[in-house]
Amino acid sequence: MNIPTILGSVGTLIGLVRAVPQLVRLLRARGAFGVSVDTAATSSIVSLGWAAYGLLTGQTYVVLATGSSGLIFAIITVMALRYGRSVREFRVAPLWLVVLLVTGFTFGTDVLGIILALSALVSNIPQILVAYHEDNLHGLSLGTWLLSLSDGLVWGTYALLQHDVSIIASGAFQSTTSALIVARIIYQLSNKKTTDGELASE
């Protein structure tokens, strides 16, 4: 078993489970505080776009990992709306769906790969904005964003070995944006512990 195969297997496994902690968090918290429904919807669209790209370029690992996460992100979108987010928050998702469809049908896999590479950046920006503008992130899963960070690193390394520039760029964007979200969640958790400790000592 060669290194790309191992990385593809690990990436597929992460792709299968990375959105699950967020879904579980929503179901337990019964609230979508801090969750960007726009990012969830865009992530679903982008993941299914990557599945199509993987199918067209013969990369089975990409299809398996992104197809499954696309379905889970779709469920997260529905649950986030049910638990308090608004359809008025959809700004990127409808636009990016049109962009991916037009690109795929008009220009083929080469240009689609370029657009998909930008998608990790585009899809995660709404979540970064929500995480840094809302004080209550109780509904946001640290586990999902740690997995998302790992996902970017694994697929970025896989793509370097496979010489796939689109996936390299996507991995870089995924890692960077996920790291920003992880940092914000950890910062808020540490602040909450400090505040709770101060209240308990009073």
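Remarks
- L101 versus V24: modelled label distance in nm, points set 7 Å from Cα along the beta carbon direction: 3.5
- Relative contact order (percent, whole number), the stretch 3-201, Cα cutoff 8 Å, 6+ residue spacing: 29
- The stretch 141-183 and the stretch 54-99: distance between their alpha carbon centers, rounded to Å: 17
- For M79, M1, order by how many other beta-carbon atoms lie within 10 Å, fewest first: M1, M79
- Net charge dipole, the stretch 8-146: roughly 400 debye, given to the nearest 20, about the Cα centre with Cβ charges of +1 for Lys and Arg and -1 for Asp and Glu.
- Over the C-alpha atoms of the stretch 3-201, the Rg to Rh ratio, Rh being the Kirkwood estimate, stands at 1.00.
- Among G84, G113, G70, residue whose mean-square fluctuation peaks in a GNM of the chain (springs only between Cα atoms under 10 Å): G84
- Sum of -39500 (n - 2.57) over DSSP H runs of 4+, divided by residues of the chain (222 nm, nearest 500): -28500 deg cm²/dmol
- Of the DSSP H helices in the chain, those whose Cα atoms cover at least 15 Å axially and whose Kyte score averages 1.0 or more: 3-17, 37-56, 60-82, 92-107, 109-133
- Gain on full stretching of the segment that runs from L16 to N191 - 0.36 nm per residue minus C-alpha separation: 59.8 nm
- Max mean-square fluctuation residue, GNM over the chain, Cα-Cα springs under 10 Å, options V46, V78, V62: V78
- Highest average first, the peptides 96-108, 118-130 ordered by how many other beta carbon atoms sit within 10 Å of their residues are 118-130, 96-108.
We did not get these values from a lab; they are worked out from the coordinates using the rules stated. This structure is a prediction, so every number in the text was calculated from the model and none was measured. No Cβ is skipped: glycine too gets one built from the backbone with ideal geometry, and neighbour counts run over all protein chains shown.
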